[in-house]
Every structure is written in structure tokens, then in C-alpha cells.
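A.B. asks: This is the structure, below, for whatever I ask next.
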Amino acid sequence: MSRPDAVPPADAVPPADAVPKDHKANAPRSIGCFVLTISDSKTPETDTSGALIRERLTQAGHTVVGHAIVRDEPTQVTAVIRTGCDDPAVEAFILTGGTGVTSRDSTFEAVEALLDKRLTGFGELFRMLSYEEVGAAAMLSRAQGGVVRGRALFSLPGSPNACRLALEKLILPELGHVLREVRR
């Protein structure tokens, strides 16, 4: 007879990747995304990061249901997110810009105040991957992820390279899975 606190033999435990594959199999394939660029200087013509995000989302089969550029002012950032949360087509937000440590970078604080849940692992993994590309400067990024009113939110730096990295390595591979979990 086995003890209740005994560890099961290794061959009795399913492989670590068995559950996520099952979760991903039942995850939505196309997510309605709102892309928000936060910048005091970007225009529709110079917003390379926002354009990159919209292009990569579309290529991955997601729908860009809206996009905007706002100044790095907390009230502007939160107003767009709150309005997006009132639109059932918006299932996820991808933000770019305002995540640094300059006196004008206020996106982190604006987003933090709205989050119902934080995906702390997103920021940690993003900085780890960034470290491999840019070295110790990765510590200056305050990229973050979380859930706001039943929607996924990812806040990325303004650099196109940082956006590419976050999308390819973290967001696109897991976006459907994240939404599946948020909706449970």
C-alpha cells in the first residue's frame, strides 16, 4: 500500500508539455487585437513598431480591430484601454512605447493601475530574451503583461526589434492559450 504523501514514480507523471498542448488545442485561433503606440513623437508615417505589430498579428491569423497613437500621458493611455474594453471585438491589447525609465515614460504606471491580474512571467521572460540580444541594458525595460477586464494586455518597448522579439518568442506562440485561460 502506498503512502498518500509518496511521490508517484516518474513514469506515472505525464510529460510536462502534455497539458499545454491540450490547452493550445482548445485555444482560439484568431484573436481581435487593438494595437496602441505610446509616443510623444511618432506619427502614422513614422510608427514602425505599431506597423510591425499589426503586420505580424495579421500574418499569424489574428485580426487587428483597431489601432491608435497617443502621447505618453497616463490619461490618454488609460482612456484608449477603457474604451477598448467596452468593445467586444477587442480581446487583446498590444502596446508599444513608454516602458523605459525616462521622466516621460509613464505607460507602466498607467497600465499597472488597470490590470486585474499580472502576468509577471511575461516581463521576466522578455527581459531574459532581451538580455541575450542587448546585454545588461535589458534591465531598463519595464515591459509587462496582464489581464484587464477579461482581455490580455502586453506592453512592449517602442523599439521595433523589441516588438519583434516579444511577438515572435512570447506573444504569438501563446496568445490563443492566454485568452483560453483568461476566459475560464
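A.B. asks: Mind checking the angle between helix 48-59 and the chain's longest principal axis? C-alpha axes, 0 to 90 degrees, to the nearest 10.
C.D. replies: 40 degrees
A.B. asks: Calculate what fraction, in whole %, of the accessible area of the chain sits on carbon and sulfur atoms when a 1.4 Å probe is rolled over the protein chains.
C.D. replies: After summing per-atom areas, the C and S share lands at 57 percent.
A.B. asks: Something else: Under 10 °C and 1.306 mPa s, how fast does the chain diffuse according to Stokes-Einstein, given a Kirkwood radius computed over C-alpha pairs? Answer in µm²/s, whole number.
C.D. replies: Using the Kirkwood radius from Cα pairs, D works out to 92 µm²/s.
A.B. asks: Heavy-atom accessible area per residue, the chain, 1.4 Å probe: how many Å²?
C.D. replies: With the other protein chains kept in place, the chain gives 54 Å² per residue.
A.B. asks: Please work out whether segment 99-184 counts as rounded, prolate or oblate from its C-alpha gyration tensor, where a ≥ b ≥ c are the square roots of the eigenvalues and a/c under 1.5 means rounded, while otherwise a/b larger than b/c means prolate and anything else oblate?
C.D. replies: Taking the square roots of the gyration eigenvalues as a ≥ b ≥ c, segment 99-184 is oblate.
The values are calculated or read from the model by the stated rules, or taken from the named source; none is laboratory data. None of these values were measured; they are calculated from a predicted model. Only protein heavy atoms, including side chains, enter the accessible area calculation; ligands, DNA and RNA are left aside. Shrake-Rupley method; radii C 1.70, N 1.55, O 1.52, S 1.80 Å.
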